[in-house]
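Asks: One structure coming up, written as structure tokens, with questions to follow.
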Amino acid sequence: MQIKVNGVEVCVETFGDEADPPVLLVGGVTMLSWPDGLCAALAERQRYVVRYDLRDAGRSTFADPDQPGYGLRDLVTDASELVTALDLGRAHVAGIGVGGFVAQLLALDHPEQVASLTLVSTRPVAPGPVDADLPDHSHEVLGQLFGRPAPDWTDRDSVVEYMTGSARLLAGSAGFDEKDARATAGAIFDRAGDTAQAQVASHLGTVFAALDCKPRWRERLGEITAPTLVVHGDEDAFFPHGNGVALAAEIPGASLLTLPGVGVGQGLPRAAWPAVVEAFDALVDQAS
């Protein structure tokens, strides 16, 4: 369904019973950063799960991801107004990747809307030069990722093959599920616009390279009052594990769930779902 927030329309999908505790999932770009099966598993634990496409991705309002007329704080306002529009009250908010930036700022700027906070494969600083004490992207892996010939972004088979290769490079030693990777890439392609620009934005999240993310928020992490869970693979080449360690250390009372042998691909790998669901359940119970 399409819901108007902050002057744009975002595409929203829900799982479970509206009477259950609400969970707001903020994706890396599209809602498919949170796989169908994981959302269903959360709903089976009596959670009302809401996921959505960010602007300039999936089926939400698409303008120009190369020159966005908005900043990171607008994405935070989108999330806040979505919580209000859906009458979620205080939601259990989870953000993955760059969606974790939105989740952190929602907890800081709208604490009354956040019952608990889960941060998956993210970091406490915006795109660009990383702080000296934080590990940066693996230059070796990123060289392999972006050193390959680009696909034909208007051809589904070409994009699926390319994005499956990307997921393989980022997966980590615990294992790579090619079937899931291909299915996710195909689903993202099918939900995005039919132009190369729309496909690149939905698959790669290129909008964040052009987004105004100032001011910094790392120095404010100590203000977060919501019970917090940090989930991070110890073989994450994009946002290395030390970023999760820093988040857990700087957010009061936060706990860290380290996923052995896990990197980051198009979302949490299926093998990690049981551990993540159990830890999330414990967090919700703590918040209650």
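Asks: Select, from LEU42, LEU25, the only residue that is in a strand (DSSP E or B), open to solvent by less than 20 Å² (accessible area, probe 1.4 Å) and either in contact (Cβ under 8 Å) with a residue 12 or more places away in the chain or not basic (Lys, Arg) (or both).
Replies: Working: LEU42 fails: in a strand (DSSP E or B).
On inspection, the qualifying residue turns out to be LEU25.
Asks: Then there's this: Look at GLU13 and say whether it is at negative phi, more than 16 Å from the chain's Cα centre (by Cα) and open to solvent by 10 Å² or more (accessible area, probe 1.4 Å).
Replies: Values: at negative phi: yes; more than 16 Å from the chain's Cα centre (by Cα): no; open to solvent by 10 Å² or more (accessible area, probe 1.4 Å): yes.
No, not satisfied.
Asks: Sticking with this one: Kindly establish whether ASP152 is modelled with pLDDT of 95 or more, more than 30 Å from VAL83 (Cα to Cα) and open to solvent by 70 Å² or more (accessible area, probe 1.4 Å).
Replies: Details: modelled with pLDDT of 95 or more: yes; more than 30 Å from VAL83 (Cα to Cα): yes; open to solvent by 70 Å² or more (accessible area, probe 1.4 Å): yes.
Spelling it out, ASP152 is indeed modelled with pLDDT of 95 or more, more than 30 Å from VAL83 (Cα to Cα) and open to solvent by 70 Å² or more (accessible area, probe 1.4 Å).
Asks: Sort through THR164, THR122 and tell me the only one that's touching a Lys or Arg at 6+ places or on another chain (Cβ under 6 Å) and of a type in the set (Ser, Thr, Tyr). Walk me through it before giving the result.
Replies: On the way: THR122 fails: touching a Lys or Arg at 6+ places or on another chain (Cβ under 6 Å).
Every option except THR164 fails the conditions.
Asks: What are the residue pairs meeting all of these: first residue in segment 154-176, first residue touching a residue at least 24 places away in the same chain (Cβ under 8 Å), second residue open to solvent by 40 Å² or more (accessible area, probe 1.4 Å) and among the hydroxyl-bearing types (Ser, Thr, Tyr), Cβ atoms under 8 Å, and 6 or more apart or on different chains?
Replies: Close Cβ pairs satisfying both conditions: THR154/THR195.
Asks: Given the criteria modelled with pLDDT of 95 or more, of a type outside the set (D, E, K, R), open to solvent by less than 30 Å² (accessible area, probe 1.4 Å) and over 14 Å from the mean Cα position of the chain (by Cα), does LEU134 qualify? Let's see the steps before the verdict.
Replies: Working: modelled with pLDDT of 95 or more: yes; of a type outside the set (D, E, K, R): yes; open to solvent by less than 30 Å² (accessible area, probe 1.4 Å): yes; over 14 Å from the mean Cα position of the chain (by Cα): yes.
Yes, satisfied.
Asks: Failed condition for PRO127, given (1) open to solvent by less than 40 Å² (accessible area, probe 1.4 Å); (2) under 18 Å from the mean Cα position of the chain (by Cα), with all others met?
Replies: (1)
Asks: While we're looking at this one, here's another question. I'm told VAL277 meets every condition in (1) surrounded by fewer than 24 Cβ atoms within 10 Å (Cβ to Cβ); (2) more than 20 Å from GLN46 (Cβ to Cβ) except one. Can you identify the failing condition by its number?
Replies: (2) is the only condition that VAL277 fails.
The values are calculated or read from the model by the stated rules, or taken from the named source; none is laboratory data. None of these values were measured; they are calculated from a predicted model. FYI the Cβ positions are ideal-geometry reconstructions off the backbone, even for glycines, and counts take in every protein chain you see. Just so you know, the surface numbers come from the protein's heavy atoms only, side chains and all, with ligands and any DNA or RNA stripped out. Shrake-Rupley method; radii C 1.70, N 1.55, O 1.52, S 1.80 Å.
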